[in-house]
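Okay, so here's the structure we're looking at.
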Number of protein chains: 2
Amino acid sequence: MASGRTLANEAWEALLSAHATTMKRVAAQDTWTEISIREYDVLYTLARCDEPIRISELHRHVLLSQPALSRLVDRLTRRGLVERQPDAADGRSVRLSLTTDGRAVQRQAGRRHARSVARALTARLSRPELSALEAICLKLAGQAPAPSATTPAAPRRPADD
Amino acid sequence: MASGRTLANEAWEALLSAHATTMKRVAAQDTWTEISIREYDVLYTLARCDEPIRISELHRHVLLSQPALSRLVDRLTRRGLVERQPDAADGRSVRLSLTTDGRAVQRQAGRRHARSVARALTARLSRPELSALEAICLKLAGQAPAPSATTPAAPRRPADD
DNA sequence: AGTAGGTACATGCAAACGCATGTACCTGGG
DNA sequence: CCCAGGTACATGCGTTTGCATGTACCTACT
């Protein structure tokens, strides 16, 4: 009998394998001459936000340590793709938003990236499988099924271990 | 309304989110004092192999550049966890296997790791969801021929690619 | 008000990474 | 046999990362 432990570990291993394989396929594209995938990840997250967000919020979306993210944002700021503004409500915090250039770079890379991702996934998974994958992964990530606002006010993340 | 492109991209974003979130939860455990997660990944892959494997084969399982993997193996060798042997059939190649110490370290870290992974996944996903996730991810990784969502735990071999 | 403790981000430093390239070896055409 | 081209792994070098820690700020309790 496959215990819950074993089943969960097999599922995790499969997810890791799918992630690594697809990531390699996507990274092999010629999309990443201007910016790296990690930089794109930051630009993309910023592009999805209506209001400037904090670094700590950004940190929740990115698999990087806080210092690494801080310096990554620093580089993007120096390159004129991201703008830093002080937070009126909190003196410790920094608000980040895309510049016009940053949005343009994100859009251009995003178009190619979306194409190669779609190519990689639709070649192997059917539409129902894609839907199921999305639903399960969102649940695993601890998000509501509705992909709505990105406002940081509502603490809708159960921060359990 | 959701085109195949959009659906695929949403699924990929969900997978990335699930990966990052779960990875952070797992990385926050105190499992990684002896070895890092990436080092464990290598030890685990070696532990699953009956015969010594090449670095290039290892490289297919790990999301690292070839030079980075080469040096990671170098460190593990210097620490006495991995053994390098020349390949009789191919003079360019190197065969890798775990030492007794390496196997012990892998087992100890693996036990804790498996527990925390199981905790993270079973807290959020049901058994059918775990099965479906595994099946879809294996298919996405290019390893599973079965299209059914309710795949029984067949004795799957560590096939290459 | 003063202070202890927590949060948000930055920085010093050693370790690790990716890219380009080097070295050794294998393979196939002449 | 020789050599061009490809594969497998290693190494030089500049960049990036993580850990530990520092700085500035907010919060709460006394």
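Taking (1) within 16 Å of DNA strand C (Cβ to nearest atom); (2) modelled with pLDDT under 95; (3) within 14 Å of another protein chain (Cβ to nearest Cβ); (4) crowded, with 19+ Cβ neighbours inside 10 Å in turn, residue B:35 satisfies each apart from (3).
The single condition among (1) at the interface with chain A (Cβ under 9 Å from one of its Cβ atoms); (2) surrounded by 19 or more Cβ atoms within 10 Å (Cβ to Cβ); (3) near DNA strand D (Cβ under 10 Å from one of its atoms) that residue B:58 does not satisfy is (1).
Checked against the criteria, residue B:4 counts as modelled with pLDDT under 95 and either within 14 Å of another protein chain (Cβ to nearest Cβ) or under 19 Å from the mean Cα position of the chain (by Cα) (or both). Every listed requirement among (1) of a type outside the set (Asp, Glu); (2) more than 15 Å from DNA strand C (Cβ to nearest atom); (3) open to solvent by 30 Å² or more (accessible area, probe 1.4 Å); (4) modelled with pLDDT of 95 or more is met by residue A:23 save one, (2).
Test residue B:64 against the stated conditions and say whether it is more than 22 Å from residue B:107 (Cβ to Cβ) and not in a helix (DSSP H, G or I). Yes: the conditions hold for residue B:64. So is residue A:115 open to solvent by 50 Å² or more (accessible area, probe 1.4 Å), more than 13 Å from chain B (Cβ to nearest Cβ) and not hydroxyl-bearing (Ser, Thr, Tyr) or not? When the stated conditions are applied, residue A:115 does not pass them.
Selection of first residues in region A:45-60 that are farther than 11 Å from residue A:87 by Cβ and free of Cβ contacts under 8 Å to residues at least 40 places away in the same chain and of second residues that are near DNA strand C (Cβ under 7 Å from one of its atoms) and open to solvent by 30 Å² or more (accessible area, probe 1.4 Å), restricted to Cβ pairs under 7 Å at least 6 apart or on distinct chains, gives the following pairs, ordered by first then second residue: A:59/A:66.
The values are calculated or read from the model by the stated rules, or taken from the named source; none is laboratory data. In this text the structure is predicted, and so the values were computed from the model without any measurement. A quick note on method: Cβ atoms are made from the backbone with ideal geometry, for glycine too, and the neighbour counts reach across all protein chains shown. Accessible surface is based on the protein model in full, side chains and every heavy atom, while ligands, DNA and RNA are left aside. Shrake-Rupley method; radii C 1.70, N 1.55, O 1.52, S 1.80 Å.
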